[in-house]
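Structure first, commentary second.
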Amino acid sequence: MSTNLASTERSTDPVVSIEALEFRYREGDFRLAIPNLLIERGSTAAFIGPSGSGKTTLLNLIAGIALPQSGRVVTEGVEVTGLSDSERRDFRIVRVGLVFQEFELLEYLSVLDNILLPYRINASLRLDRKVRDRARDLADRVDISDKLGRYPAKLSQGERQRVAVCRAVLTEPALLLADEPTGNLDPVNKWRVLDILFDYAERTDRTLVAVTHDQEILDRFERVVDFSEFHEYGEARPGQYGEARPAEPGELAGTGR
Ligand code: ADP
Ligand code: MG
């Protein structure tokens with residue numbers, strides 16, 4: 001791992017370390033170039049930037065869903081760019097919590113079974129009574145506990161989103177990646193979901209990275225990474241919005257200017 005990592009009172013190694021990343025899709029001319037990006041363990045970071053600037057793409061690269069053409073992505077101490085397809089799949093189910101922009105609920109499973117899904121598809125996660133109780137408790141906190149037996153087709157967008165959030169935090173992953181987790185929610189449910197995400201993040205060494213367009217919630221994050229000039233300059237500029245803390249020296253080392 002590289003030297004000169006961010007040194008703060010709380011962390012040893014970063015939870016995400018990206019070096020010399022270059023990514024493009026097979027089709028189209030979108031290009032993401034990130035010379036160096038570190039996300040500190042135990043921190044909260046918001047990814048902001050215009051639609052199409054690569055926020056979802058970067059979450060997918062961090063989770064090992066997408067692979068870059070070159071460069072290294074180390075997540076949770078694992079070099080995801082060096083894993084096979086099946087290793088990357090297991091890695092993300094067990095080590096990373098994901099709230100997808102499109103929720104990715106399975107239509108043929110009930111709400112409860114969707115929340116429990118990670119435990120059904122990975123043998124190393126044990127589905128026991130405690131897990132079920134936690135699932136019910138989470139559902140209760142975001143006011144969907146009366147819909148546990150329903151199928152996703154009969155849920156509103158906001159309800160689907162809340163199911164996705166419950167599922168992502170249920171495995172208590174060290175890293176939670178949430179793609180616009182409050183995008184479809186009314187104010188009451190927005191704050192309920194944020195409370196779950198930030199409660200999760202307040203536990204020791206847990207990291208929350210969330211894509212958001214909501215200026216109102218940026219103050220809750222310790223750090224803001226702005227994508228608006230990412231591919232142009234190959235560098236994100238933190239701390240341009242709200243009260244967000246600027247990156248520590250060395251935390252986000254960029255080149256190219
Ligand atoms: P954001 O989440 O910031 O809105 P995305 O990461 O979803 O942006 O997309 C970045 C760019 O990549 C956009 O121009 C989008 O059209 C393009 N893109 C996304 N997915 C694909 C794909 N599977 N194939 C080709 N281009 C894609
Ligand atoms: Mg997106």
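Considering region 118-142, and only residues there that are at pLDDT 90 or above and not in a helix (DSSP H, G or I), the residue that is nearest to Lys190 (Cα to Cα) turns out to be Val142. Considering the conditions (1) more than 16 Å from ligand 1 (Cβ to nearest atom); (2) free of Cβ contacts under 8 Å to residues at least 60 places away in the same chain; (3) of a type outside the set (A, V, I, L, M, F, W, C), Thr204 is excluded by exactly one of them, (2).
Considering only residues in region 58-86 that are crowded, with 20+ Cβ neighbours inside 10 Å and within 16 Å of ligand 2 (Cβ to nearest atom), the one that is farthest from Asp226 (Cα to Cα) turns out to be Ala63.
Could we say that Ala33 is at pLDDT 95 or above, within 15 Å of ligand 1 (Cβ to nearest atom), among the small types (Gly, Ala, Ser) and not in a loop (DSSP other than H, G, I, E, B) here? Considered against the rule, which asks whether it is at pLDDT 95 or above, within 15 Å of ligand 1 (Cβ to nearest atom), among the small types (Gly, Ala, Ser) and not in a loop (DSSP other than H, G, I, E, B), Ala33 comes out as no.
Is it true that some residue in region 68-82 is modelled with pLDDT of 95 or more, among the basic types (Lys, Arg) and either on the phi > 0 side of the Ramachandran plot or in contact with a helix residue (DSSP H, G or I) (Cβ under 9 Å, 6 or more places away or on another chain) (or both)? Yes; the residues of region 68-82 include at least one that is modelled with pLDDT of 95 or more, among the basic types (Lys, Arg) and either on the phi > 0 side of the Ramachandran plot or in contact with a helix residue (DSSP H, G or I) (Cβ under 9 Å, 6 or more places away or on another chain) (or both). The lone criterion from (1) in a loop (DSSP other than H, G, I, E, B); (2) among the hydrophobic types (A, V, I, L, M, F, W, C); (3) buried (at least 20 other Cβ atoms within 10 Å of the Cβ) left unmet by Phe47 is number (1).
Just one of (1) crowded, with 18+ Cβ neighbours inside 10 Å; (2) under 24 Å from Asp13 (Cβ atoms) fails for Asp179. It is (2). Looking only at residues in region 87-104 that are touching a residue at least 60 places away in the same chain (Cβ under 8 Å) and within 16 Å of ligand 2 (Cβ to nearest atom), the one that is surrounded by the fewest Cβ atoms within 10 Å (Cβ to Cβ) is Glu104.
The values are calculated or read from the model by the stated rules, or taken from the named source; none is laboratory data. Owing to the predicted nature of the structure, the values given are computational and were not obtained by experimental measurement. With ideal geometry, Cβ positions are generated from the backbone for all residues, glycine too; neighbour counts draw on all protein chains shown.
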